[in-house]
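Below is one structure, written out as structure tokens; the observations come after it.
The values are calculated or read from the model by the stated rules, or taken from the named source; none is laboratory data. For clarity, every value in this text was computed on a predicted model and none was experimentally measured. Neighbour counts run over all protein chains shown; Cβ positions are idealised from the backbone, glycine included.
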């Protein structure tokens with residue numbers, strides 16, 4: 001029959017197979033497996049499954065952006081590991097090095113599973129890039145603001161302002177639902193020659209205007225009349241700012 005020590009050891013079997021434990025912890029597990037008829041078969045089954053997955057699944061190198069994000073999170077791991085170590089159960093205290101190794105492993109898991117800090121400019125640009133794929137730009141394709149605006153009725157819990165700037169060289173081409181800032185939002189699509197401008201609109205408090213560039217796309221952010229606005233495009237900065245100025249001035 002298994003006991004509490006078996007339950008504790010099984011929590012660390014996968015970490016041992018992945019080479020994540022220090023020498024003391026690995027030795028403790030190895031000694032337990034040699035004497036335990038219940039845990040040893042489970043360890044062999046996990047090892048076989050791990051080997052099968054490694055041999056059959058394709059390998060994909062992590063992109064540089066993912067490596068940088070992980071490295072940034074791991075930068076604070078030692079401090080967090082020391083804090084977490086003080087809260088670990090007594091059974092992890094089989095030795096100073098084992099306790100520190102287990103604490104660090106647990107801390108790293110928490111860090112990697114924790115959500116990344118919000119990056120709204122990056123999310124807005126990423127959404128715009130996705131919308132540029134064929135068939136994704138508009139759920140309702142129309143140059144008529146009186147067609148696009150009522151389309152959002154019943155699909156959102158607010159009425160986004162929709163304006164047509166065709167006379168100023170920025171015609172409306174449609175609208176769609178998107179998801180930003182943790183909620184569904186309205187996305188209005190405009191054109192300038194061959195360039196697409198996405199204008200994202202959702203309710204929000206007044207804030208500080210901002211602008212910038214991400215991955216070659218310019219964005220301008222502002223607030224007004226209880227709404228948050230983000231305009232993004234591969235247009236040059238001056239033309240995008242011209243669009244924003246005209247849109248703000250339009251009735």
### Message
Can you pull out every residue in segment 218-234 that is closer than 10 Å to residue 128 by Cβ and surrounded by fewer than 20 Cβ atoms within 10 Å (Cβ to Cβ)?
### Response
234
### Task
Answer yes or no: is there a residue in segment 211-223 that is farther than 18 Å from residue 122 by Cβ, in the same structural domain as residue 136 (by TED's automatic domain parsing) and modelled with pLDDT under 95.
no
### Query
If you check 176, 237, 183, which single one turns out to be in the same structural domain as residue 128 (by TED's automatic domain parsing) and over 17 Å from residue 121 (Cα atoms)?
176
### Task
Determine which single condition residue 238 fails, assuming it passes every other condition in (1) loosely packed, with under 13 Cβ neighbours inside 10 Å; (2) touching a residue at least 40 places away in the same chain (Cβ under 8 Å); (3) over 26 Å from the mean Cα position of the chain (by Cα).
(2)
#### Entry: Cross-chain or 6+ apart pairs with Cβ under 9 Å, segment 133-144 first and assigned by TED's automatic domain parsing to the domain that holds residue 176, then surrounded by fewer than 16 Cβ atoms within 10 Å (Cβ to Cβ)
136/130; 139/155; 139/177; 140/147; 143/166; 143/171
### Task
Look at residue 169 and say whether it is at positive phi, touching a helix residue (DSSP H, G or I) at 6+ places or on another chain (Cβ under 7 Å) and without any contact (Cβ under 8 Å) to a residue 40 or more places away in the chain.
no
